[in-house]
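> Here you go, one structure.
The values are calculated or read from the model by the stated rules, or taken from the named source; none is laboratory data. What you see is a predicted model; the values in this text were computed from it and never measured. Every residue, glycine as well, gets a Cβ built from its backbone with ideal geometry; the counts of neighbours run over all protein chains shown. Please note that ligands, DNA and RNA were not included when accessible areas were found on the heavy atoms of the full protein model with its side chains. Shrake-Rupley method; radii C 1.70, N 1.55, O 1.52, S 1.80 Å.
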Amino acid sequence: MAAPVWKPFLIALAIAGTLNAAYAADVRYFRYKNAEGSTVISPAIPPEFASKGYSIINSKGRVLEEIPPALTEQQLLEKREEEIRELAAEGQEAQKRSSDAALLKLYSTVPDIERARSRAIADIEDRIKITNGNISRLKTQREEKEKVAADRERAGKAVPERVLRDIASIDDEIELQLLEIDRRRQDQVFVGERFDQETQRLKRLLGIIDDKGQLIERKAVEALRPEQLGGIWQSRDKAGNRYEWIINPKGSFSWVSNQADRGKLLILGSWGVEKGVLVITSEMRQISAPDGATNTSTSEEQRKATVISIEENEFVVLMESGEELRFYRGN
């Protein structure tokens, strides 16, 4: 049976309608405010109104895109200034992170940085002592020159010009040395203040104090079991000293400290746990000097260390001095 002649016509009409609808959907208009403040919708927008912002809509009035008003010269200046400020803040934050990383690389505990501070101050003090020694030597030389001058005057003779020049030169040198001492005293103050600031920063990084400088309580591990600490534990500080702590879960221990200078300390004793706090009692100490000489003694020294974290192969204790020691399970 032949297909009705009107069927292809209907199909063509439907296709045309679809194409027209698709074309209508693609038509875009500009919606903007004219000089009188009235809303205008048109296929084009005059340049003088484009800078004031407009909307792009389709034939059904749906907003496809919003174009904000162009920034004024003052707004552009403020935006640029804000961008510069943000870049500077980002750079400052990056520098702060870098400084913090360097600080943690240098010092792992507060006592580490406190020892470094003491060494730095002592080094400057040693230099001041050397300078004072130079001044004493110069004063002795001056006294000798003055004696020569006095002897000449008592003999009724003129003091040689050379002697007078030497005395004046010594006086100038003494003045310079005194100025050097003043400068080094200022260095001591500067170094002390810098270390104080870095110590506070390190305490914040280590979680010892908060951003306001208030002490953060370091809580002991709850329900710490003696068997968790049993085994061989090792540690090492930045000075190169190595530690080995052999802990017997039944209450005895041995501690070996191998110093960077090849000295050695051996401690034997007992230990116990009281609410997450290790109570360590030293019973025998043996100190070995780098040359091999040893000194053995008995003692009943007792110390406490708070276990602030513990895992299968690592634990951290906080000593009474505030120093943190981190131990790793040895082989």
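> If the Cβ limit is 7 Å and pairs must be 6+ apart or interchain, which residue in the stretch 36-51 that is of a type outside the set (A, V, I, L, M) pairs with which residue that is at pLDDT below 85?
Partner pairs satisfying both residue conditions: 51/70.
> Something else about it: Do we have residue 329 as closer than 21 Å to residue 239 by Cα and surrounded by 13 or more Cβ atoms within 10 Å (Cβ to Cβ) here?
yes
> Could you run through the stretch 92-123 and say how many residues are among the β-branched types (Val, Ile, Thr), in a helix (DSSP H, G or I) and open to solvent by less than 30 Å² (accessible area, probe 1.4 Å)?
2
> Applying the selection to the stretch 47-91, what residues are assigned to a helix (DSSP H, G or I), loosely packed, with under 10 Cβ neighbours inside 10 Å and more than 48 Å from the chain's Cα centre (by Cα)?
Passing the criteria: 47, 48.
> Name every residue in the stretch 189-219 that is modelled with pLDDT of 85 or more and open to solvent by 30 Å² or more (accessible area, probe 1.4 Å), in order of residue number. It would help to see each step written out before you state the result.
Of the stretch 189-219, the ones modelled with pLDDT of 85 or more are 189-205.
Within the stretch 189-219, 189, 190, 193, 194, 196, 197, 198, 200, 201, 203, 204, 205 qualify.
> Ok, one more. Name the pairs whose Cβ atoms lie under 6 Å apart, with the first residue in the stretch 320-331 and under 21 Å from residue 246 (Cβ atoms), the second open to solvent by 40 Å² or more (accessible area, probe 1.4 Å) and at pLDDT 85 or above, and 6 or more positions between them or separate chains?
Hits for this filter: 328/234; 328/314; 329/313; 330/232; 330/234.
> So is residue 267 farther than 20 Å from residue 112 by Cα and touching a residue at least 60 places away in the same chain (Cβ under 8 Å) or not?
Against the criterion (farther than 20 Å from residue 112 by Cα and touching a residue at least 60 places away in the same chain (Cβ under 8 Å)), residue 267 does not qualify.
> Going residue by residue through the stretch 146-161, is there one that turns out to be assigned to a helix (DSSP H, G or I) and closer than 23 Å to residue 125 by Cα?
So in the stretch 146-161, the residues assigned to a helix (DSSP H, G or I) come out as 146-154, 161.
Checking the rest, the ones that are also closer than 23 Å to residue 125 by Cα come to none.
No, the stretch 146-161 contains no residue that is assigned to a helix (DSSP H, G or I) and closer than 23 Å to residue 125 by Cα.
> Filter the strands (runs of 3 or more DSSP E) completely within the stretch 234-331 down to those with at least 2 residues that are of a type in the set (Asp, Glu) and within 26 Å of residue 104 (Cβ to Cβ). Steps first, please.
Numbers: elements: 242-247, 252-258, 264-274, 277-288, 294-298, 302-310, 314-319, 324-329.
Those strands (runs of 3 or more DSSP E) do not exist here; none qualify.
> If you don't mind, there's one more thing I want to ask. Please work out if residue 41 is open to solvent by less than 40 Å² (accessible area, probe 1.4 Å) and either modelled with pLDDT of 90 or more or not in a helix (DSSP H, G or I) (or both).
Details: open to solvent by less than 40 Å² (accessible area, probe 1.4 Å): no; either modelled with pLDDT of 90 or more or not in a helix (DSSP H, G or I) (or both): yes.
No; evaluated as a whole, the condition is false for this residue.
Yes or no, residue by residue, for (1) modelled with pLDDT of 85 or more; (2) in contact with a helix residue (DSSP H, G or I) (Cβ under 7 Å, 6 or more places away or on another chain):
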{"residue": "57", "(1), (2)": "yes, no"}
{"residue": "78", "(1), (2)": "no, no"}
{"residue": "91", "(1), (2)": "yes, no"}
{"residue": "103", "(1), (2)": "yes, yes"}
{"residue": "133", "(1), (2)": "yes, no"}
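> How many residues are open to solvent by less than 80 Å² (accessible area, probe 1.4 Å) and closer than 22 Å to residue 190 by Cα when one looks only at the stretch 129-148?
Looking only at that region, the number is 2.
> Could you please find all residues in the stretch 299-318 being surrounded by 17 or more Cβ atoms within 10 Å (Cβ to Cβ) and among the small types (Gly, Ala, Ser)?
Scanning the stretch 299-318 gives a single hit, 305.
> Identify the residue in the stretch 233-274 that is more than 21 Å from residue 290 (Cα to Cα) and aliphatic (A, V, I, L, M) and, among all such residues, is most open to solvent (accessible area, probe 1.4 Å).
Residue satisfying both the conditions and the ranking: 246.
> So, one more: Against the conditions (1) open to solvent by 40 Å² or more (accessible area, probe 1.4 Å); (2) in contact with a helix residue (DSSP H, G or I) (Cβ under 7 Å, 6 or more places away or on another chain); (3) modelled with pLDDT under 90, where does residue 322 fall short? Just the number, please.
Failing condition for residue 322: (1).
> Just one of the numbered conditions (1) open to solvent by less than 20 Å² (accessible area, probe 1.4 Å); (2) within 16 Å of residue 278 (Cα to Cα); (3) modelled with pLDDT under 90 is not true of residue 225; which one?
Every condition holds for residue 225 apart from (1).
> If only one of 282, 252 is of a type in the set (Ser, Thr, Tyr) and over 18 Å from residue 319 (Cβ atoms), which one is it?
252
> If you don't mind, another one. For the stretch 149-174, name all the residues that are charged (D, E, K, R) and open to solvent by less than 100 Å² (accessible area, probe 1.4 Å). Even if it seems obvious, please write down each step before you answer.
Step one: list which residues in the stretch 149-174 are charged (D, E, K, R), which gives 151-154, 157, 161-162, 165-166, 171-173.
If the condition is that a residue be charged (D, E, K, R) and open to solvent by less than 100 Å² (accessible area, probe 1.4 Å), then 151, 152, 166, 171, 172, 173 are the ones that fit.
> When you check residue 126 against the structure, is it open to solvent by less than 60 Å² (accessible area, probe 1.4 Å) and among the charged types (D, E, K, R), yes or no?
Judged against the criteria, residue 126 is not a match.
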